[in-house]
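Contents: one structure, followed by commentary.
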Amino acid sequence: MWFLINQYSLVFSLLLVGPVSWIVISRVLDWRWGTLFLACFLIGALLLFYTQSSEASLIDTRSEWDGALSSGTPMLVEVYSDY
């Protein structure tokens, strides 16, 4: 259970901050301003999630590994075992 909370902590915090900020803004100003802020907040969160995701590429051969190392871009290496 804890790994799910850690993995989705940004989603949980956004789901908590969004409605609370809507309530505060709609109490201080008007419900339309709160709705506008919430819409901008959700669009910003979706853009953040979209830009932070990446596609995993599998490396099967040594030449692909050498090409990935010589490309000069950062990479995340995940090593696993089938045993």
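Readers should treat all values here as calculations from the given coordinates under stated rules, not as data from a laboratory. Everything numeric here is computed off the predicted structure, so don't read it as measured data. No Cβ is skipped: glycine too gets one built from the backbone with ideal geometry, and neighbour counts run over all protein chains shown.
How high is the relative contact order of the chain? Use alpha-carbon pairs under 8 Å, at least six apart in sequence, and give a whole percent.
The value is 16 percent.
Show that you can apply the helix-only estimate: for the chain, add -39,500 (n - 2.57) for every DSSP H stretch of four or more residues, divide by all residues, and state [θ] at 222 nm to the nearest 500.
-22000 deg cm²/dmol
Please give, to one decimal in nm, the separation of the simple spin-label points placed at GLU78 and LEU58, each 7 Å out from Cα toward the Cβ.
Between GLU78 and LEU58, the label points sit 1.2 nm apart.
Of (i) 73; (ii) 53; (iii) 67, which is the value of percent of Cα pairs over 17 Å apart derived from the coordinates here?
Correct label is (iii).
Can you work out ³J(HN,Hα) from phi for every residue in segment 62-70, in order, using Karplus 6.51 cos²θ - 1.76 cosθ + 1.60 and θ = phi - 60°, giving whole Hz and x for Gly and Pro?
With coefficients 6.51, -1.76 and 1.60, one gets 5, 5, 5, 5, 5, x, 5, 5, 7 Hz.
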